[in-house]
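Trainee: Before anything else, here's the structure in question.
Derivation of every value follows stated rules applied to the coordinates shown; laboratory data play no part. None of the values given here were measured: they were computed from a predicted structure. Cβ sites come from the backbone with ideal geometry, for glycine too, and all protein chains shown count toward neighbours.
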Amino acid sequence: MSEENVEVVRAASQAWNSGDMDAFRELHDANVILKPEKNWPEPGPYMDREAVMGFYKQLRETWDADTLELTGDFSHAADRVVARWIWHAQGHGPESNMEVTAIHTVRNGKVREVEFFWDHADALEAAGLRE
């Protein structure tokens, strides 16, 4: 099941990068929970697909263009997939290149929970994995 879960997260990132937010939305469970990094300005958590998509919409509207760049392999255990990204964003001021790690909990082919971390080691620990 872990490789299938990796494919769900990979498909979500591809949908994000292609701007297909309908496909991105459909890869998330109706009851998805999003937990931003603890020092994020709008701390959350965001509960349900509409709230989560609202969070992502606000992020996307902040810049003219953005992409996710995977900076390593996916790590996974059971229903959790850990991905380390650089989120590149341009427009409306200076460019942004934020490094972030996300733990995606995937169930029944949908993202059920996403938790973001600034520190990759902290994310791996939270997922019960090691570098």
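Trainee: Using all Cα-Cα distances in the chain, what percent lands in each 5 angstrom bin from 0 up to the longest?
Mentor: 2, 11, 20, 26, 24, 12, 4, 1, 0
Trainee: Still on this structure, please answer the following. Over the stretch 2-126, what is the relative contact order in whole percent, taking alpha-carbon pairs under 8 Å and six or more residues apart?
Mentor: This gives 26 percent for the stretch 2-126.
Trainee: Which of Arg107, Arg84 has the fewest other C-beta atoms within 10 Å, and how do the rest follow up to the most? Intermediate results must be reported in sequence, preceding the final value.
Mentor: Numbers: Arg107 14, Arg84 19.
Arranged by neighbour count, lowest to highest, Arg107, Arg84 become Arg107, Arg84.
Trainee: Roughly how many nanometres apart are two label points built 7 Å out from the Cα toward the Cβ at Ala51 and Trp63?
Mentor: Spacing of the two 7 Å Cα→Cβ label points: 2.6 nm.
Trainee: Just to confirm the filter: which trypsin sites (Lys or Arg not before Pro) across the stretch 14-61 are DSSP coil and have at most 12 other Cβ within 10 angstrom of their Cβ?
Mentor: Within the stretch 14-61, the qualifying trypsin sites (Lys or Arg not before Pro) (loop, at most 12 other Cβ atoms within 10 Å) are Lys38.
Trainee: I've got another one for you. Calculate, for Asn31 and Leu129, the FRET efficiency according to 1/(1 + (r/R0)^6) with r their C-beta to C-beta distance and R0 25 Å; round to the nearest 0.05. Please list the in-between numbers first.
Mentor: Values: r = 25 Å, r/R0 = 0.99.
About 0.50, to the nearest 0.05.
Trainee: Fewest first, what order do Leu27, Leu70 take by the number of other Cβ atoms within 10 Å?
Mentor: Leu70, Leu27
Trainee: Pick from Glu61, Glu69, Glu99: which residue has the top mean-square fluctuation in a GNM of the chain where Cα pairs under 10 Å get a spring?
Mentor: Most flexible of the set in this elastic network: Glu61.
Trainee: Here's another thing I want to ask about it. Treat each spin label as a single point 7 Å out from the Cα along the C-beta direction, and report the Asp119 to Ser96 distance in nm.
Mentor: 2.2
Trainee: Determine the distance separating the Cα centre of the stretch 1-75 from the Cα centre of the stretch 90-131; give it in Å without decimals.
Mentor: Going from one Cα centre to the other spans 9 Å.
Trainee: For an R0 of 30 angstrom, estimate the FRET efficiency from the Cβ-Cβ distance between Glu42 and Asp20 and round to the nearest 0.05.
Mentor: 0.75
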